[in-house]
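Scroll down for the structure; my scribbles are underneath it.
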Amino acid sequence: QVQLEESGGGLVQPGGSLRLACVASGGAFANYNWAWFRRAPGKEREFVARINWSGSNSDYADSVKGRFTISKGHAENTMWIQMNSLKLEDTAVYYCAASPLPVGSEWFQYQFWGQGTQVTVSI
């Protein structure tokens, strides 16, 4: 059974940085495509970033472009997102998602999800 687990969330001041990790277990992930989504209080889940199975292609939401960087670890089951210049509006629960199929930026395209990690940006 495939499971995803996020870590690295926390409380940070505006302008600060956090690095979230997603670790998968229960399968073989060499050909998986990965993404981060987030859900802020009172808002719908939204796409943040995605990266393809080889790490050769990535895509970002306009709201985080230039501030966030998604990457894959050397281990096939690990994926990261580096979040810099954090803003108050980045406060949300961040979710890792994965799929063995070609996917885009729609949440319903992803088969596997983590439980989420809270990121709070506050003065």
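On the basis of being in contact with a Leu (Cβ under 9 Å, 6 or more places away or on another chain), of a type outside the set (Gly, Ala, Ser) and in contact (Cβ under 8 Å) with a residue 12 or more places away in the chain, does PRO41 make the cut? No; evaluated as a whole, the condition is false for this residue.
Which one of these is closer than 24 Å to GLN13 by Cβ, over 11 Å from the mean Cα position of the chain (by Cα) and not acidic (Asp, Glu): SER99, SER54, SER105, SER85? So that I can check it myself, show each step before the final result.
Details: SER99 fails: closer than 24 Å to GLN13 by Cβ; SER54 fails: closer than 24 Å to GLN13 by Cβ; SER105 fails: closer than 24 Å to GLN13 by Cβ.
Just a single option satisfies the conditions, and that option is SER85.
When the residues of the stretch 68-119 are filtered to those that are open to solvent by 40 Å² or more (accessible area, probe 1.4 Å) and either free of Cβ contacts under 8 Å to residues at least 12 places away in the same chain or in contact with an Asp or Glu (Cβ under 9 Å, 6 or more places away or on another chain) (or both), the one that is nearest to PRO41 (Cα to Cα) is TYR95. Which residue out of SER54, SER63 is of a type in the set (S, T, N, Q) and touching a helix residue (DSSP H, G or I) at 6+ places or on another chain (Cβ under 8 Å)? The unique qualifying residue is SER63. Does GLU44 satisfy being farther than 15 Å from SER99 by Cβ, surrounded by 22 or more Cβ atoms within 10 Å (Cβ to Cβ), at pLDDT 95 or above and acidic (Asp, Glu)? Answer is no for this residue.
Of the set (1) in contact with a Pro (Cβ under 7 Å, 6 or more places away or on another chain); (2) open to solvent by less than 30 Å² (accessible area, probe 1.4 Å), all apply to ASN31 but (2).
The values are calculated or read from the model by the stated rules, or taken from the named source; none is laboratory data. All of these numbers come straight from a predicted model, not from anything done at the bench. As a convention, Cβ positions derive from the backbone with ideal geometry for all residues, glycine included, and neighbour counts pool all protein chains shown. Ligands, DNA and RNA are stripped out before the accessible areas are found, and what is left, the full protein with its side chains, is counted by its heavy atoms. Shrake-Rupley method; radii C 1.70, N 1.55, O 1.52, S 1.80 Å.
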